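Student: The structure's right below; bear with me while I get my questions together.
The values are calculated or read from the model by the stated rules, or taken from the named source; none is laboratory data. In this text the structure is predicted, and so the values were computed from the model without any measurement. A quick note on method: Cβ atoms are made from the backbone with ideal geometry, for glycine too, and the neighbour counts reach across all protein chains shown. Heavy atoms of the whole protein, side chains included, go into the accessibility calculation; ligands, DNA and RNA do not. Shrake-Rupley method; radii C 1.70, N 1.55, O 1.52, S 1.80 Å.
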Amino acid sequence: MSDHDELVADLQRMLGNSGVLWQPADMERYRVDWAGSQGALPLAVARPASVEEVAEVVGYCHRHDIPIVPQGGGSGLVEGALPDSVQPELVISLERLNRIREIDPIGYTISVDAGCVLQNVKDAAAAEGCFFPLSLGAQGSCQIGGNISTNAGGLNVLRYGMMRQQVLGLEVVLADGRIWHGMKALHKNNTGYDLKQLFIGAEGTLGIVTGAVLKLSPAPEVTRSAMLACSDVSAVMRLYTLARRCCCDLLSAFELIPRACIDLALEADASLPDPMDIRHPVYVLLEVSASGPANLDDMLEALFERGLEQGLLLDGVLASSDTQASQLWRIREAMLEGQQRRGEHLRSDISVPISQLSDFHDQAEAMVRKFAPDASVIAYGHVGDGNLHFNVLPPPDLPGDETALLLHTLEEQLFDIVDAFDGSISAEHGIGRLKQARFLESLSAPELDIMRGIKRLLDPRGQLGAGRILPRTPL
């Protein structure tokens, strides 16, 4: 019996036949992510159905020096969960850990398995009159464990914060197969080091998240969406400041959408109407919501009036129905589909101080015009939290090898500008493998030493997500 056959047989003993995949055709979908990036074929795919089974598999791998890559819903964008081609890895898929364990509508908490799809968690909370605020384009497929391991952001960070702010407790399988039971539903717990924070955003390199206690909020009873038109990004950011004042603390989303993104959305979904009769340079898609009686229409009307008075607004549409609101937000989804259809392009996920976002945008756009005058800048994002997806579509007639070189050059130049603004090259997508080189360049010696020390403590053999975030060796 070969080593591989022995591995498969042992996994079948631990997980049953349905818990293991080893035929290439069956494993194909585990080596491709949403963006179309491809990894190598894994040694096998383990599909445990309980935390105890995860622990048994991880302990086995620890004893036999088998490298592991944990995997969620496959919606990551930095190749962190794809099987490695340098050293064959065992994929541990959390897809069968999908139970809603408990909902506490009094304490506003929900306890879930890590493999729960985000939309299912949102639906379970809504059934109890509660609201889980994480909102992502991939919420129909992404999993809570992946959301936690990448510290997901999304549309509602402005009001509710990142995934990190939604986590009260965690259950984690450590690299040696031990289970850390940290599933406390406490809103206040000040007893020493906050261990859960080590695993949030660690991309599965320090342990495998198998369960979580998440914080809920009261379900919004009233929601209003609007699309506003502005002359440039500077006007958008001044309008954002005004919106924060006019809408009190009820502003939950504030999205920058340039006209080029509207065109991409209409190209991807012909059923969508153009939001306004006249084309404008940039748009804002915003949402306000309240869990109790509040006159949101008056707030938005005040924003419109003051925005027009101050010369910040060119036009605006307030959704008059749920259907119209859905159409406005469908534009936000469809523009990503349209962008994906354009083929290879520069995709970035940067953040800068909110007050400097307009200056950053202008400098970055000028840089692109210098290096690639015929390229299309697609700069959109959650500007209410300083997160801009500054993407670039290369000229359509550029040969493939020249496209790759151009996109690499533009990315390096863009990251230089990010550094000059003391920003971050990853606001919400993580580091994975795609951003590792630049990430390591930006670390100070103390930061690198601390990170290596944490990795060495929790995964001394480097078996979990090797080569993601930190280099494979040395630790």
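Student: Look at Tyr283 and say whether it is within 26 Å of the chain's Cα centre (by Cα), of a type in the set (Phe, Trp, Tyr), within 17 Å of Ala319 (Cβ to Cβ) and surrounded by 16 or more Cβ atoms within 10 Å (Cβ to Cβ).
Tutor: In short, yes.
Student: Here's something else I'd like to know. Within the stretch 316-330, can you find the residues that are open to solvent by less than 60 Å² (accessible area, probe 1.4 Å) and not in a helix (DSSP H, G or I)?
Tutor: Within the stretch 316-330, Gly316, Val317, Leu318, Ala319, Ser321 meet the criteria.
Student: Condition test on Leu303, is it at pLDDT 95 or above, part of a loop (DSSP other than H, G, I, E, B) and surrounded by 18 or more Cβ atoms within 10 Å (Cβ to Cβ)?
Tutor: No; evaluated as a whole, the condition is false for this residue.
Every residue, every condition in (1) under 20 Å from the mean Cα position of the chain (by Cα); (2) within 30 Å of Pro273 (Cβ to Cβ); (3) among the acidic types (Asp, Glu), yes or no:
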{"position": "Arg332", "(1), (2), (3)": "yes, yes, no"}
{"position": "Leu336", "(1), (2), (3)": "yes, yes, no"}
{"position": "Ile350", "(1), (2), (3)": "yes, no, no"}
{"position": "Phe360", "(1), (2), (3)": "no, no, no"}
{"position": "Glu365", "(1), (2), (3)": "no, yes, yes"}
{"position": "Ser376", "(1), (2), (3)": "no, yes, no"}
{"position": "Gly381", "(1), (2), (3)": "yes, yes, no"}
{"position": "Asp401", "(1), (2), (3)": "no, no, yes"}
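Student: What helices (runs of 4 or more DSSP H), lying completely within the stretch 131-245, carry at least 1 residues that are buried (at least 22 other Cβ atoms within 10 Å of the Cβ), small (Gly, Ala, Ser) and at negative phi?
Tutor: 144-149
Student: Kindly check whether there is at least one residue in the stretch 421-434 that is surrounded by 12 or more Cβ atoms within 10 Å (Cβ to Cβ), of a type outside the set (Ser, Thr, Tyr), assigned to a helix (DSSP H, G or I) and under 24 Å from the mean Cα position of the chain (by Cα).
Tutor: no
Student: Enumerate the pairs (first residue in the stretch 318-332 and farther than 14 Å from Asp297 by Cα; second residue anywhere and assigned to a helix (DSSP H, G or I)) with beta-carbon separation below 9 Å, excluding pairs fewer than 6 apart on the same chain, so at least 6 apart or on different chains.
Tutor: Arg330/Ala265; Ile331/Cys261; Ile331/Ile262; Ile331/Ala265; Ile331/Leu266; Arg332/Cys261; Arg332/Ala265
Student: Give the residue that is farthest from Ser135 (Cα to Cα), with candidates limited to residues of the stretch 171-205 that are within 19 Å of the chain's Cα centre (by Cα) and hydrophobic (A, V, I, L, M, F, W, C).
Tutor: Ranking the qualifying residues of the stretch 171-205, first place goes to Leu198.
Student: Would the stretch 111-125 turn up any residue that is acidic (Asp, Glu) and within 30 Å of Ser252 (Cα to Cα)?
Tutor: Checked against the condition, which is being acidic (Asp, Glu) and within 30 Å of Ser252 (Cα to Cα), the stretch 111-125 yields at least one hit.
Student: Got a sec? Which of Ser231, Ser217 is touching a residue at least 12 places away in the same chain (Cβ under 8 Å), of a type in the set (S, T, N, Q) and within 30 Å of Phe360 (Cα to Cα)?
Tutor: Only one candidate passes the filter, namely Ser231.
Student: Sticking with this one: Evaluate the stretch 98-110: report whether one residue or more is within 22 Å of Gly201 (Cβ to Cβ) and either polar (S, T, N, Q) or out of contact with any Asp or Glu (no Cβ under 8 Å at 6 or more places or on another chain) (or both).
Tutor: Within the stretch 98-110 (the criterion being within 22 Å of Gly201 (Cβ to Cβ) and either polar (S, T, N, Q) or out of contact with any Asp or Glu (no Cβ under 8 Å at 6 or more places or on another chain) (or both)), the answer is yes, since at least one residue qualifies.
Student: Same structure again: Looking at the stretch 352-405 only, could you name the residues that are over 30 Å from Ala152 (Cβ atoms) and in a helix (DSSP H, G or I)?
Tutor: Within the stretch 352-405, Ala366, Arg369, Lys370, Phe371, Gly400, Asp401, Glu402, Leu405 meet the criteria.
Student: Considering the stretch 332-347 alone, what residues qualify as being of a type in the set (Lys, Arg), surrounded by fewer than 19 Cβ atoms within 10 Å (Cβ to Cβ) and in a loop (DSSP other than H, G, I, E, B)?
Tutor: Arg342
Student: Something else: For Ser252, only one of the following conditions fails: (1) out of contact with any Ser or Thr (no Cβ under 6 Å at 6 or more places or on another chain); (2) buried (at least 21 other Cβ atoms within 10 Å of the Cβ); (3) not in a helix (DSSP H, G or I). What is its number?
Tutor: (1)
Student: If you go through the stretch 257-285 one residue at a time, how many are touching a residue at least 40 places away in the same chain (Cβ under 8 Å) and in contact with a Leu (Cβ under 7 Å, 6 or more places away or on another chain)?
Tutor: Matching residues across the stretch 257-285 total 10.
Student: Okay, moving on. Considering the stretch 331-379 alone, what residues qualify as being touching a Phe, Trp or Tyr at 6+ places or on another chain (Cβ under 7 Å) and of a type in the set (S, T, N, Q)?
Tutor: Hits for the stretch 331-379 are Ser348, Gln356.
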